[in-house]
Amino acid sequence: MHIRYKKTFTAGWSALEKRLLPSYVWTSDPLMFWRERILFLICFIAAVFGPIALVPSLLLSYREGLWIVILVDSLAYMAVVTILIARNASFAVRAMVLCFILYALGVSILFILGPGGAGYIWLFGASVLISTFIGLGAAIWTLVLNTIALLSVGVFIAYGNPEWILHVDNALEKWLVMAANFLLLNAFVTITTAFMLNGLVKALLKEQKISNSLRESEDKFRTIFDKASDGMLIADAITKKFLQGNAAICSMLGYTKEEIESLTINDINPPNDISHVLDEFKKQGKGEKAFAEDLQLLRKDGSIFYADIGSFPVIIGGVPCLVGIFRDITERKQADAEKMKLQTQLIQAQKMEAIGTLAGGIAHDFNNILTAVIGYTELAQMNFEAGSEIKEDLKEVLAASVRAKDLVDQILSFSRQTQKEQVPVQMRLIVKEALKLIRSSLPVTIDIRQSILSQSLVLSDPTQLHQIVMNLCTNAAHAMREKGGILEVVLTDVELDSAFCSTHAEIQPGTYQKLTVSDTGHGISADVMNQIFDPFFTTKPKNEGTGLGLSVVHGIVKDSGGTITVYSEPDLGTTFNLYFPIIKGRAEEKPEEHTILPTGTERILVVDDEKVITDILNKTLSNLGYTVEARTSSLETLALFKAMPDKFDLVITDMTMPQMTGDKLALELLKIRPDLPVILCTGFSQNITKEKAKTMGIKAFLMKPLLIKEMAHTIRKVLDKAKESTQAKR
């Protein structure tokens, strides 16, 4: 009950003070705050409780006819009430008025009533208040005034003989003793109070200076703390609870400052890193500094970022704390990862360049070898009847040689050593042909399902499109070879909108032909999905895959202006979707298949630095009815032709030869005889292309290894055009 009343009184008094005290009091310095409250308290007590003493005094004065006392007391009371009400007046004015009232009241009572009226008590109070409200200088002047007032009363006693001393013996002597003691005591209290207040003022000023300095330091720290670009956290070293965090760390972690202060280190560190962090805390608890690189941190949304963290121990308010400085290095790590990726790509590009150089280096020799294998195989086939066992065996040799030829073409194409000619092509025919070919090589446990609906045209190389279908179907079959499954191939037309193309920047919205190859095999795991198109990456066992298949597919699709997507789930299969832009036009007609080789009686000069190839060409062309003369030296060939320029109807020359290359030899021959038909053959050359050969006047361009069918038709076509040109000139 007592506590409740005390709280009620305190609340009521505070409300009264706020109502009656000037508004500036609550923001002023402590000394002025307490001076105002003392002034208010004195005036309030005087106004409320003053009548208790004032009324009896007035009645007594009225009975005794002391009207001057009644007047002085009444004026003093009204002045006190006025000071209490006039709170907007300055403190100095109100304080001086109060002190003057007390002083005037004391002096008046001394002269009117003498020592019995206790006027000296009012003088004493006035001097103490003056020293309290105004200071030491005013207190000393008050003592001087009190001395004058008391001496004046002594003079009044000596010469005025007031009524209140008529019955007092030795009144003057007694008064002087009392006045001396009063002044001494008054001096003690007044000067001591003034000195104490002066000391308080100096202490207050010093405290304010220190406080201002501390505030400035705190403001500087706060500014540095809040404006620092690095995140900063202050944590309790014992509880691991965060005490404070700056704006940067809040931004990094995604929390507000209030939320930060409710977290611990466990809340911002992944579980797999927390043991390492606790070890660092133990070090710092021993007063050691610590630094951690590439530390993972958890954001509020659960995402992870990386930071370098430096920390050191401090004592704040007697509590051991740790200050951590966080630098977000996520962008740097991403840049490092991108740099590593670019370095890997550079190494891969250098590897591909090396492969291309190697492929180009061996292509000529390898194709010459294949030319010999294919040539002698075809010659041998001519000596056996159809259906014979040996001829069938030779057919397999020829097929293997053609596959070897395609493998070289694939390597050269992948390493960008050869450029394929893109023509309008109807993909449905190629897909059907490839599926027929692959059907014979798949086990019966794999069911092939096809839905070839599109008849549109795309611009690409037919051989490369065939290669795409073969590669994807072969990979699908490999994924199902153990358990079997379904291989599905679908060809349709689709309309790709901007939403799809926004995630595939390499293509534009429009109509595309979509080739889908899907299987029900073991699928592709997520950890290797981003690598499947990388050159030389393969999940197949050693000696079962080169890692080039999907890389080649990816490159062909990109070169055709399309894109490729893949979706796979482990044990549920894989689906590849290839998109090729549809074009308008007609598909290139395939040359009519001829079972009978064209023949002739013309004279042909053959030159190749490989004797085995000149022998094959000699035998092959002789079997076709031509008269053949072969040479293995380009310089000997040029000399022979200069001697007999009209002896030959056609020249077939290899490209890569010592002393003089085939293209230079052709130019020299054409200088001698501009109408001479020349066929240029090559296993590989970076210096000559079909288009370049044509601009030089060369009539045909054949790639090794040479097939009898292709060579026979080309020779006949070139000779017939030459005859037509000669007849037209005549």
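The numbers here are math on the coordinates, done by the rules we state, and not lab data. Keep in mind the model is a prediction, meaning the values are calculated, not measured. Because the Cβ atoms are built from the backbone with ideal geometry, glycine has one as well, and the counts that use them run over all protein chains shown.
Order these peptides, 210-220, 715-725, 138-148, 652-662, by their mean beta-carbon neighbour count within 10 angstrom, highest first.
652-662, 138-148, 715-725, 210-220
Put a dot 7 Å past each Cα toward the Cβ at Asn383 and Lys206; how far apart are the dots in nm?
12.5
If r is the Cβ-Cβ distance from Ile304 to Thr516 and R0 is 35 Å, what FRET efficiency results, to the nearest 0.05?
Calculated transfer efficiency: 0.45.
Return the FRET efficiency for the residue pair Thr82, Ala247: r is the Cβ-Cβ distance, R0 is 56 Å, and the value is rounded to the nearest 0.05.
0.55
How far apart, in nm, are two points set 7 Å out from the Cα along the Cα-to-Cβ line at Ser74 and at Ala187?
Using points 7 Å along Cα→Cβ, the separation is 4.1 nm.
Starting from the 7 Å offset along Cα-to-Cβ, what nm value, one decimal, do you get for the label separation of Tyr567 and Ile224?
5.8
Ala639 to Ala728: FRET efficiency via 1/(1 + (r/R0)^6), r the Cβ-Cβ distance, R0 22 Å, to the nearest 0.05?
Efficiency at R0 = 22 Å is approximately 0.10.
So what's the net charge close to Leu214: Lys and Arg +1, Asp and Glu -1, counting the other residues with Cβ under 14 Å from its Cβ?
+1
Can you give the extra length, in nm with one decimal, that the chain gains between Gln508 and Asp236 once fully stretched, where that is 0.36 nm per residue apart less the Cα-Cα distance?
92.1 nm
If each residue of separation counts as 0.36 nm, what is the full-extension length gain between Thr264 and Val155 once their alpha-carbon separation is subtracted?
Length gained between Thr264 and Val155: 30.9 nm.
Can you give the Kirkwood hydrodynamic radius for segment 597-730, in Å, rounded to one decimal and based on Cα pairs?
14.7
Over 18 Å between Cα atoms, which of Lys647/Lys717; Lys220/Lys240; Lys405/Lys721; Lys514/Lys584; Lys647/Lys671 qualify?
Lys647/Lys717; Lys220/Lys240; Lys405/Lys721
Relative to the present Cα-Cα distance, how much length would full extension add between Lys432 and Ala400 at 0.36 nm per residue of separation?
Full extension from Lys432 to Ala400 adds 9.3 nm.
From zero up to wherever the largest Cα-Cα distance of segment 415-527 sits, split into 10 Å bins and tell me the percent of pairs in each.
Using 10 Å bins, I get a P(r) of 13, 36, 35, 16, 0 for segment 415-527.
For segment 124-270, what is the convex hull (Cα atoms) projected area averaged across all directions, in square nanometres?
For segment 124-270, the mean projected area of the Cα convex hull comes to 15.6 nm².
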